[in-house]
Structure formats: C-alpha cells, structure tokens
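Structure first, then comments.
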Amino acid sequence: MSLASLLLLATVFTGCTAAPDGSTAAEGPNNPKEVEKFADVLFAEKMKKFNTVGSNFVVVKDGKVVLSKGYGYADKEKKIPVDPSTVFQIGSVTKTFTALAALQLADQGKLNIKEDIQKYLGGLKVPNKTGKPLTMYDLLTYTSGVDMPDIVTDLSPDYINKDIPMKDYLAAHMPTIVRPPGEAYTYDNFGFLLAGYAVQNVSGMPYSEYMERNVFKPLGMNTTSARMTPELLGKMAAHYGPNGELQQTVGFAPSEWPQGSMLSNGEDMAKYLIMHLNKGKYEGKEIVSPKSIDLIHTYQVYVDPTIPITTVGFEEYFKELMNDEHVLLKGGNVPGHSSLIAILPEKNTAFYMSYNNDTMMSVEVYEAFMNHYYPKKQPTPPAAYSPLSEQQAKEYVGLYKNTRIEGVRTKFSYEGGSLLMETGSGKHTLKMIHPLLFDDESGNKVAFKKDAEGTIAYFYYTNPKTLDIVAHSQKVKLKPAFIDVPNESPYKTHIDHLHAMDVMGGKSGNRFDPKGTMTQGEFADVLLRAQGFHNMPYWVAGSKKQMVTGLPDYQPTAPITRQMAAVMIQNLKHVPPATDVKLIGQTDVWAVDAIKALVAQGIVDPDTKVSADQTVDFRSIQNISRQEASALLDKAFDYYALPIAR
C-alpha cells in the first residue's frame, strides 16, 4: 500500500455487515446472475460513498470466471466507461508477481530462497549490522529488518518517460539492516525492489522482460506490463482524488519497480487468479511448482499463533474480516488508483478489483463479499483474561517506535491490573489473555514479541483504524543522559525523549547545549524527524514545502524565532484553530493563528505560562532555544499527540 492509503486506513469501517440488501449466500459465488446482482448493488453503494469514478470487479470460482464487469467511468470527462479491458496501475499487487518470479527461479535451482541474498546481487552490497544473513525468504515475507523500508518509495509524473536503471538507483538508495532478518514484520517496499533486482541479476535479463517471458505470456496476460508502455498508457483509466478531482499519472524511480509498477486489467488478472486456484497451473502449463504455490498460500509470519500476517508475497491485515476462513489479501495503491486481490484457496474462490481513486473502498467491498458468501459460522467466544501484576508488567512497560513509520509512537505503563497503552489513536486499557497477548476495550489484539535474548522487543497492534498495522513497533532503549542537562530541569524529559527516539541529539558529544539557539534549517530537519515520515522520499518533498508555507522569509542559515517554529509545527500538525487564547506581547500577524492553536492544545514549553483566562506571552519574536524546541516538538508529536491530519 502507498502512504496515502495507509493514512486513509483511519477511516476504514470494520463492523461486520451483510450485503447492501441484507442478503447472504452461504454457497459461495456460484451463480453468475446472483453474483452480478450482488456486485451491482454493492458497487453502486460503495462508489457513491467513496466518490469513486470507475471500478472493475472480477470473481473467479472453481477455475472459471463468474463475473468480470466494469462500473462507472475510466474517464468521466470523455465519458469512457470502465470495462474488463480497462487498464489500471495495480500498485503493490505487483509484489505477489515478484514473489512468484523468485520462486520460479528457485524451482529451477537458480537460487535458494533461504541463502544469503548477497549471493544473487552481482556485487551490490546491503549494509548489515546484525550478523545474520538476509535471505530472499526474508524479503518476500516482509521481515528484512532494514531501517528505511520506504527509502525507495519514489513516484512522480516526471518519471514516466525516463529510463532509470534499477542497479544504479539501489546503489544510491540503500538502507541498512538493523534488526535480525526474520525477527519482525515491517511492510517493506525496499525488500521487494531488492528481490526484483535479484530476479533480474540471476535471470540475466531486465525484470520487465523476465516477467513478460515467464509470467505474462504463459498466462496469456497480453495487456499487462511491469513498466509503462505507450500502448498501456493509452488504455489506462484516468486518475482521480478522493473528491473526484483529476490527478496526474505517476511513474516510478527506478522505472521498473518490482514493488508496485505493474499495469493490468480485469481480463488478465482473472487468468492470474485461476492459476493460483489451480495450484500453480494454467491451461495445463505449470507456472510455478506445487511446493512454491504452497509457500505463497500458507502463512509464514504470525504476530501470535492466532494472528497471521504474511505468506510469501501476500498479507492479511484484516483478520477480523476473514470470518474464520483462510484468506490471502494483497492491496495496491498509487496516487489515483487502488487495487485488491483476495484468494480463498480452500474455497477455490478469488476476486480482483481496481478503481480510479486512492481510497480504501476495497476493504468494504472485501468485507461485504465475505459476509455475503462466507459468513461467520460461529461467534467468536469472549476472551478469558489472566491477572497481570505490576512485576509482570515491567517487561512490557516503555516507549516503542513503529519500524516502518517512525511517527507512530506508543507508551505502555501499568495501572490497576492492566496495561495502559497511549498512542496516536488515544488511550487504551489492555487486559492480558496470556503472556504476550492482550486486547483493548474494543477487542483489538496487542501481541508482544521477544527477541533472540528472550527480552520483550516488539509489539503489534491489530486495530485497523490506526497505522500500527503496517509493522511491528520496537521498544526504544534510553540513551545516556546529557551532562549539561540537570536532573531537575523541566526540559529533561523532553530532551531525553527526543534523544531516545533519534529525533534530536546532542550539540557535541554528550552535551546538549540546552540554551543554545538553532538555525531555521536545523529546526526544519528536526521537525521532519519529529513528524516521523522523514524516511519516505515521496512524503518528505511535500512536507518540506508545506512546513514553510506562510513564512515571510525562510532562510535555512538564519536563527529561528519562537513564532516561526510555531508556524512550522502547525503547518505539519494541523491543530484545530483556537479562539479563546489571548496573546500579549509582540507577535507578527502571520504567526498569531498558529501560536493560538498550539497553546490551546497545551503545546507550550515549561517556561511559557498560560493564565486561567488563556492569556499568554509566547515571547514570539525571541529566538527559540534548543531546550524550548525539544519541549514543543515532543508535545506536538509524542506518543499521545493529536493525529496528523491529511
């Protein structure tokens, strides 16, 4: 999934519902007329709700296409309807094809998915601090352990007509392995780019050519490509935003993007699904071996024995929507296009959908499909809880940081026999089901995980309304205190917190220089790290532009004032406006609203006193000190801060 779709997860509806007309069909999607009637009603409702311009939907059952139909417009301005031949960018659904290609080479004995990936990279080196080799299996199960899994998430309309080689791009955008491969789940775009490069290097042909020869042609997928071609661009649906506004098509860097660059249509994707349901065969041809298809169809990574996460290539974020069935999911999003495939191997059923906006409509279609054709047979029994003592809780307590999105931070503490979880979605009281597994007040599970030394090192939160579901979060280790920050300083907690989170370090060595000043450029760098999306190139470009909006004269080498710092924070934070705050002292007009908003939410440093009637002297035109900056940033982007609005 793209970052845009991840942020949209906050609005996903997850209650179990039947079809829009209230009906169910427990026999599965066998009757083409019934399936079409169901889909017609469903897509009319969901496309209206999500303001979707056009969509296609393909259902396959027992090796046959039951439904392949388009809804709405591929181009509403030109009144071109969607039909099964309409091309969409399928985004991260591409990852399942990359996994298939790697397993084909394994079937041929050309690579071993459990061997060190360095053997297959032709000299390209991946820095590794762990001492444990990285394997193809780790890459394909989203457990590479790299520190910047989205460093290669690089999209732009400018890339469409460029040829950017994969090897050169990887060499310039190489993360470091900082967690033992296989230890923790992190949704990982870099991992699949590296896997695709290994396919290219081992096969001796470009990734797109390999896919054309060994996957698309054998399957008869004649309108599918791993890179943009003039022919497919001419057949592709237009791209729209959530409000129906036309968007530009984006290309990728590198040009062949094994994590998300494929284009396809409903006719071709039906053949891909049939191959999966036929256990790797299509029209008598073996595309991949039964052993390899089992790796694709069997969950390999669990955050708890009851909570599956990934197979080789596929995932399942939404366990609560599986209705106790075995389901493989893979979603894909690029700006203006979204896709989803769902495969139920044991029911010999699958569906594919694409549509031309970047929303999570697909999740609600999936939910309705499952409730209509495979409704839950028995209610989930209520959890039985075990007591949790304060001594037991000590190993869980602490600060954690998401291994994909560093802006997702969580604090656990002990309170009255339960764990208290404080995160971006609020405060949650957790009860222990058994050691390592808890649930919150809504039944969402929190699964902890130990490292090789037997110490609690990670947790995973299954709440689909949060960004936590994209990765394990790792426990943060506190760092040695700065010698020039007294223990009694009201700023010490903020300074130590940002230091532990790698947001703001010392000025020199073990000294923080708490009363020293900052330049505008230095503050901007720290602000991006505090926001927590600094390792995502596609996101950072927008944030850099946005955070200086409204500033009269941004100069990276000039000192930064308190009012300028407040405006930059508010530009990224989007705190609701405030009317009750009364500013005294001098403040420039362009900074008033931002300062009032932050003050109203308590985002102030310890030396700024707010009176009972909300009067405050923010000392706006003074230069901000490093300790003051630490307090504002910690309060604005800490573990229990207001969600970032987009």
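Under a 5 Å amide H to amide H cut-off, with H placed in plane at 1.01 Å, what residues pair with T615 once short-range neighbours are removed?
So T615 has HN proximity to K582.
Straight-line reach from K427: which aspartates and glutamates have a Cα under 18 Å away, not including same-chain ones fewer than 8 places off?
Candidates past the 8-residue exclusion: E415, D439, D440, E441, D468, D634, D638.
Using 32 Å as the Cα-Cα cut-off, could you pick out the over-long pairs in K319/K401; K119/K411; K110/K217; K217/K347; K129/K449; K125/K271?
Over 32 Å apart, Cα to Cα: K119/K411; K125/K271.
Just going by the charge dipole of segment 85-159, with Lys and Arg at +1 and Asp and Glu at -1 on Cβ, which of G123, N112, I151 is farthest out on the positive end?
So the residue we want is N112.
Would you please give the residues with an amide H less than 5 Å from that of E325, counting only those at least 5 places away or on a separate chain, with H modeled from the backbone geometry?
none
About the Cα centre of segment 378-461, how large is the charge dipole given +1 on each Lys and Arg Cβ and -1 on each Asp and Glu Cβ? Please answer in debye to the nearest 20.
180 debye
Round to the nearest 0.05 the FRET efficiency obtained for S611 and Q378 when R0 = 60 Å and r is the Cβ-Cβ distance.
The calculated FRET efficiency here is 0.55.
When Rg is the radius of gyration of the Cα atoms in the chain and Rh is its Kirkwood radius, what does Rg/Rh come to?
0.98
Applying the Karplus parametrisation 6.51 cos²θ - 1.76 cosθ + 1.60 with θ = phi - 60° to the phi angles of segment 499-514, what ³J(HN,Hα) value in whole Hz is obtained for each residue in order, glycine and proline being reported as x?
5, 4, 7, 6, 8, 9, x, x, 6, 7, x, 9, 10, 8, 6, x
Compute the angle between helix 562-573 and the longest alpha-carbon principal axis of the chain, please, reported from 0 to 90 degrees and rounded to the nearest 10.
Between helix and principal axis, roughly 20 degrees.
For S289, what charge total do you get from the other residues with a beta carbon under 11 Å from its beta carbon, if Lys and Arg give +1 and Asp and Glu give -1?
0
Testing the spin-label approximation: label points 7 Å from Cα along Cα→Cβ at T549 and S489. State their distance in nm.
3.4 nm
About the Cα centre of the chain, how large is the charge dipole given +1 on each Lys and Arg Cβ and -1 on each Asp and Glu Cβ? Please answer in debye to the nearest 20.
The calculation lands at about 520 debye.
How much space per residue, in cubic angstrom, does the convex hull of the C-alpha atoms of segment 475-591 take up?
Measuring per residue, one finds 158 Å³ for the Cα hull of segment 475-591.
Taking all protein chains as present, what is the carbon and sulfur share of the accessible area of the chain, in % to the nearest whole number, probe 1.4 Å?
Reported share for carbon and sulfur atoms: 52 percent.
If I ignore ligands, DNA and RNA and count only protein heavy atoms, how much of W590 is accessible to a 1.4 Å probe, in Å² to the nearest 10?
In the full protein context, W590 sits at about 80 Å².
Report the gain in length on full extension from D513 to N348: 0.36 nm times residue separation, minus Cα-Cα distance, nm rounded to one decimal.
53.0 nm is the gain from fully extending D513 to N348.
Please list, in order along segment 280-292, the HN-Hα scalar couplings obtained from phi with the Karplus expression 6.51 cos²θ - 1.76 cosθ + 1.60 (θ = phi - 60°), rounded to whole Hz, x for Gly and Pro.
x, 10, 9, 6, x, 9, 8, 7, 8, 6, x, 4, 6
Within a Cβ distance under 15 Å of I309, other residues only, what is the Lys/Arg minus Asp/Glu net charge?
Charge balance in the 15 Å sphere: -2.
Quick one: Karplus J couplings for segment 87-92, per residue in order, coefficients 6.51, -1.76, 1.60, θ = phi - 60°, nearest Hz, x for Gly and Pro?
For segment 87-92, the Karplus-derived couplings read 8, 10, 6, 8, x, 6 Hz, x marking Gly and Pro.
How many times 2.2 N^0.38 Å is the alpha carbon radius of gyration of segment 399-500?
1.17
Given a cut-off of under 8 Å on Cα pairs at least six residues apart, what relative contact order in percent is computed for the chain?
That works out to 15 percent.
Using the alpha-carbon atoms, what tilt in degrees (0 to 90, nearest 10) does helix 32-49 show relative to the longest principal axis of the chain?
The answer is roughly 20 degrees.
Per DSSP H run of at least 4 residues, take -39500 (n - 2.57); add these up for the chain, divide by its residues and hand me the 222 nm value, nearest 500 deg cm²/dmol.
The helix contribution divided over the chain gives -8000 deg cm²/dmol.
Roughly how many Å is it from the Cα centre of segment 587-646 to that of segment 500-555, as a whole number?
Result: 16 Å between the Cα centres.
Starting from the amide H of I624, placed 1.01 Å from N in the peptide plane, find each other amide H under 5 Å away whose residue is 5 or more places distant or on another chain.
M518, I560, T561, R562
Rank these by accessible area, largest first, 1.4 Å probe: K49, K545, K319.
K545, K49, K319
Treating the angle as unsigned and between 0 and 90°, give the value, to the nearest 10°, between the Cα long axis of helix 361-373 and the longest Cα principal axis of the chain.
Taking Cα atoms only, the helix is inclined about 50 degrees.
Per residue, how much accessible surface does segment 34-185 expose to a 1.4 Å probe? Answer in Å², no decimals.
Here the per-residue accessible area is 40 Å².
Among the DSSP beta bridges whose two residues both lie in the chain, what percent are antiparallel, rounded to the nearest 5?
Bridges in the chain are about 95 percent antiparallel.
The values are calculated or read from the model by the stated rules, or taken from the named source; none is laboratory data. If you're wondering where the values come from, they're calculated on a predicted model, not measured in any experiment. So basically every Cβ, Gly included, is an ideal-geometry build from the backbone, and we count neighbours across all protein chains shown. Side chains are part of the model used for accessible areas, which takes the heavy atoms of the whole protein and leaves out ligands, DNA and RNA. Shrake-Rupley method; radii C 1.70, N 1.55, O 1.52, S 1.80 Å.
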